[in-house]
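Chemist: What follows is a single structure, and I will ask about it in a moment.
The values are calculated or read from the model by the stated rules, or taken from the named source; none is laboratory data. Computed from a prediction, not measured in an experiment: that's the story for all the values here. Because the Cβ atoms are built from the backbone with ideal geometry, glycine has one as well, and the counts that use them run over all protein chains shown. Accessible surface areas use protein heavy atoms only, side chains included; no ligands, DNA or RNA. Shrake-Rupley method; radii C 1.70, N 1.55, O 1.52, S 1.80 Å.
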Amino acid sequence: MTTTIGVVRETAPGERRVALTPDGTGRLTTSGFQVLVEKGAGQGAWFDDDEYAAAGATVCTRDDVFADSDALLCIDAPPEPGALHTGQLLIGLLSPLTEPDLIRSLATAGVTAVSLDLLPRTLGRAQAMDALTSQANVAGYKAVLLAAAAYAGYFPMLMTAAGTTRPAQVLVLGAGVAGLQAIATARRLGALVTGYDVREAARSDLASTGATVLDLPGPAGTGTGGYARELTGSEAQAQQQALDAAVARFDVVVTTAQVPGRRPPELVSPDGLAAMRPGSVVVDLAAGPRGGNVAGSVPDATIVTARGVTVIGAGNLPATVPHAASTAYSRNVCALLACLAPGGVRTVDLSDEVQAAVVVTHGGRIIHPLVPGVLDEEVTP
Ligand code: NAD
């Protein structure tokens, strides 16, 4: 039976992305899916209802999308999970490791929750579906633009009749997807860029970008799945002291360090900030409700310290580049749908490596081994 895909407008404050673009709609309708789009769903990302209709979608009310779709696409889970029905798929960035109540309610409702956050990052065939990567790329790019706009000088060396300016010295802490994109963007703007990561593998990635690698003494912090591990208390303290001494040399610091499921490590301490020059800028991409990489950074807020250092707590940066971020996300989702519903026919097959990784609830139960509540036998359809 043909699968009907639904797309609803995102409702989180400041969220301007949409989970499926008109281009993605065309791909899905050509592959045999039907598509329902909530009126105005793409507006924040500058995609018009008429474009969705031209690509073969039916534009309708939010209630109709919930009621008549077999699979609902979103970025964040919609605020009314009770509107979903038994057997329906919900596909998005559902944060299953930190939102146990949501996952439990989806399981209870008999919804098959599919979370792109859990995609195996290093599996070759999953790369086209990797929404964490596509959105981190946008965030790394935008973080550098924010830094450049807040910085009181130029990023490049400029030779003019009025004299020569020195290029900005930029330090990027954390060389995952966002950090490597931040490095590339800062280099394109002409800055002299240095990078640092606690994982050994990331240091060779760093070297290949042309950035200088900041060499700090300390242990290798490689964990599982390609991610970093949390440093021990004494390791973290030694790292912070070394970084405190290093950051003072830089005009701009962009921090992107994360450890899955943990509080982000504090890499720029109050002492580090106090040592930086007035007019310098720090952008904390890791700033969030559980803290960030920079002492005192606040998500979605810009603070200027008493010494004159601007600290920008990045919020949801992908939402601020909504057209590009939605386009990439939509392609990720279309690639995942090709796996979950080949030829437009929904096929939940947990023997498939990708599906086993991303399907969190199914048949009324939380089935993912990493998700809290998985052993709770009381969850019933
Ligand atoms: P992330 O957002 O979890 O973390 C960002 C970076 O912060 C990481 O490089 C991490 O090592 C670093 N970090 C953590 N603690 C630190 C500390 N105390 N000091 C300095 N740096 C610290 O990372 P991500 O961007 O989601 O990438 C996670 C992994 O997935 C990486 O290994 C990446 O290469 C891999 N990945 C692979 C593919 C692929 O193979 N196609 C695609 C995407 C990501």
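Chemist: Working only within the stretch 335-357, note down all residues that are in a helix (DSSP H, G or I) and among the hydroxyl-bearing types (Ser, Thr, Tyr).
Modeler: Residues satisfying the conditions do not exist here.
Chemist: Could I ask something else about it? Is it true that some residue in the stretch 206-214 is more than 10 Å from the ligand (Cβ to nearest atom), assigned by TED's automatic domain parsing to the domain that holds Val298, modelled with pLDDT of 90 or more and part of a helix (DSSP H, G or I)?
Modeler: Taking every residue of the stretch 206-214 in turn, at least one turns out to be more than 10 Å from the ligand (Cβ to nearest atom), assigned by TED's automatic domain parsing to the domain that holds Val298, modelled with pLDDT of 90 or more and part of a helix (DSSP H, G or I).
Chemist: Further question: Quickly run through the stretch 243-275 and pick out the residues that are over 17 Å from Pro299 (Cα atoms), in contact (Cβ under 8 Å) with a residue 40 or more places away in the chain and out of contact with any strand residue (DSSP E or B) (no Cβ under 6 Å at 6 or more places or on another chain).
Modeler: The answer is Leu243, Ala246, Arg249, Pro260, Gly261.
Chemist: Being modelled with pLDDT of 95 or more, among the β-branched types (Val, Ile, Thr) and touching a Ser or Thr at 6+ places or on another chain (Cβ under 7 Å): is that true of Val177 here?
Modeler: The answer is yes for Val177.
Chemist: Moving to a separate point now. Determine whether the stretch 189-200 contains at least one residue that is among the basic types (Lys, Arg) and within 19 Å of Arg249 (Cβ to Cβ). Lay out the reasoning, then the answer.
Modeler: If we filter the stretch 189-200 for residues that are among the basic types (Lys, Arg), which is where we start, we get 199.
Checking the rest, the ones that are also within 19 Å of Arg249 (Cβ to Cβ) come to none.
The answer is no; no qualifying residue exists.
Chemist: Tell me which of these Ala248 doesn't satisfy, since it passes every other one: (1) over 28 Å from Leu123 (Cβ atoms); (2) more than 11 Å from the ligand (Cβ to nearest atom); (3) buried (at least 17 other Cβ atoms within 10 Å of the Cβ).
Modeler: (3) is the only condition that Ala248 fails.
Chemist: Something else about it: Assess whether Ala175 counts as being assigned to a loop (DSSP other than H, G, I, E, B), of a type outside the set (D, E, K, R) and open to solvent by less than 60 Å² (accessible area, probe 1.4 Å).
Modeler: yes
Chemist: Moving on. Just the residues that are free of Cβ contacts under 8 Å to residues at least 40 places away in the same chain and more than 14 Å from His323 (Cβ to Cβ), please, taken from the stretch 10-33. Steps first, please.
Modeler: Going residue by residue through the stretch 10-33, those that are free of Cβ contacts under 8 Å to residues at least 40 places away in the same chain are 13, 22, 25-26, 29-30.
Of everything in the stretch 10-33, those that are free of Cβ contacts under 8 Å to residues at least 40 places away in the same chain and more than 14 Å from His323 (Cβ to Cβ) turn out to be Pro13, Thr25, Gly26, Thr29, Thr30.
Chemist: Would you point out the residue of the stretch 261-319, among those that are surrounded by 16 or more Cβ atoms within 10 Å (Cβ to Cβ) and among the acidic types (Asp, Glu), that is modelled with the highest pLDDT?
Modeler: Once the filter is applied, the top-ranked residue is Asp284.
Chemist: Tally the residues that are in a helix (DSSP H, G or I) and either loosely packed, with under 14 Cβ neighbours inside 10 Å or acidic (Asp, Glu) (or both), restricting the search to the stretch 215-240.
Modeler: So the answer is 4.
Chemist: Quick one: would you say Ala201 is outside any loop (DSSP other than H, G, I, E, B), open to solvent by 30 Å² or more (accessible area, probe 1.4 Å) and within 8 Å of the ligand (Cβ to nearest atom)?
Modeler: Taking the combined requirement at face value, the residue satisfies it.
Chemist: While we're here: Does the stretch 119-147 hold any residues that are of a type in the set (A, V, I, L, M) and open to solvent by 30 Å² or more (accessible area, probe 1.4 Å), and which are they?
Modeler: Leu123, Ala128, Leu132, Leu145, Leu146, listed by residue number.
Chemist: Pick out the one residue from Pro278, Pro260, Pro265 that is part of a loop (DSSP other than H, G, I, E, B) and more than 10 Å from the ligand (Cβ to nearest atom).
Modeler: After ruling out the rest, the residue left standing is Pro278.
Chemist: Consider Ser134 against the criteria (1) farther than 15 Å from Asp284 by Cα; (2) modelled with pLDDT of 95 or more; (3) within 15 Å of the ligand (Cβ to nearest atom); (4) touching a Leu at 6+ places or on another chain (Cβ under 8 Å): it satisfies all of them except one. Which criterion is unmet?
Modeler: Of everything listed in (1) farther than 15 Å from Asp284 by Cα; (2) modelled with pLDDT of 95 or more; (3) within 15 Å of the ligand (Cβ to nearest atom); (4) touching a Leu at 6+ places or on another chain (Cβ under 8 Å), Ser134 misses just condition (4).
Chemist: Return the residues of the stretch 96-117 that are outside any loop (DSSP other than H, G, I, E, B), within 16 Å of the ligand (Cβ to nearest atom) and open to solvent by 30 Å² or more (accessible area, probe 1.4 Å); say none if nothing qualifies.
Modeler: So in the stretch 96-117, the residues outside any loop (DSSP other than H, G, I, E, B) come out as 100-108, 112-117.
Adding the requirement that they be within 16 Å of the ligand (Cβ to nearest atom) leaves 115-117.
Listed by number, the list holds a single entry, Asp117.
Chemist: Could I ask something else about it? Being without any contact (Cβ under 8 Å) to a residue 24 or more places away in the chain and open to solvent by 60 Å² or more (accessible area, probe 1.4 Å) is the filter here; which residues of the stretch 148-170 pass it?
Modeler: Ala149, Met159, Thr160, Ala161, Ala162, Thr164, Arg166
Chemist: With the requirement that a residue be open to solvent by 90 Å² or more (accessible area, probe 1.4 Å) and in contact (Cβ under 8 Å) with a residue 40 or more places away in the chain, what does the stretch 35-55 give you?
Modeler: Matches in the stretch 35-55: Trp46 only.
Chemist: All but one of (1) among the hydrophobic types (A, V, I, L, M, F, W, C); (2) within 12 Å of the ligand (Cβ to nearest atom); (3) closer than 22 Å to Val253 by Cβ hold for Leu123; which doesn't?
Modeler: Single failed check for Leu123: (3).
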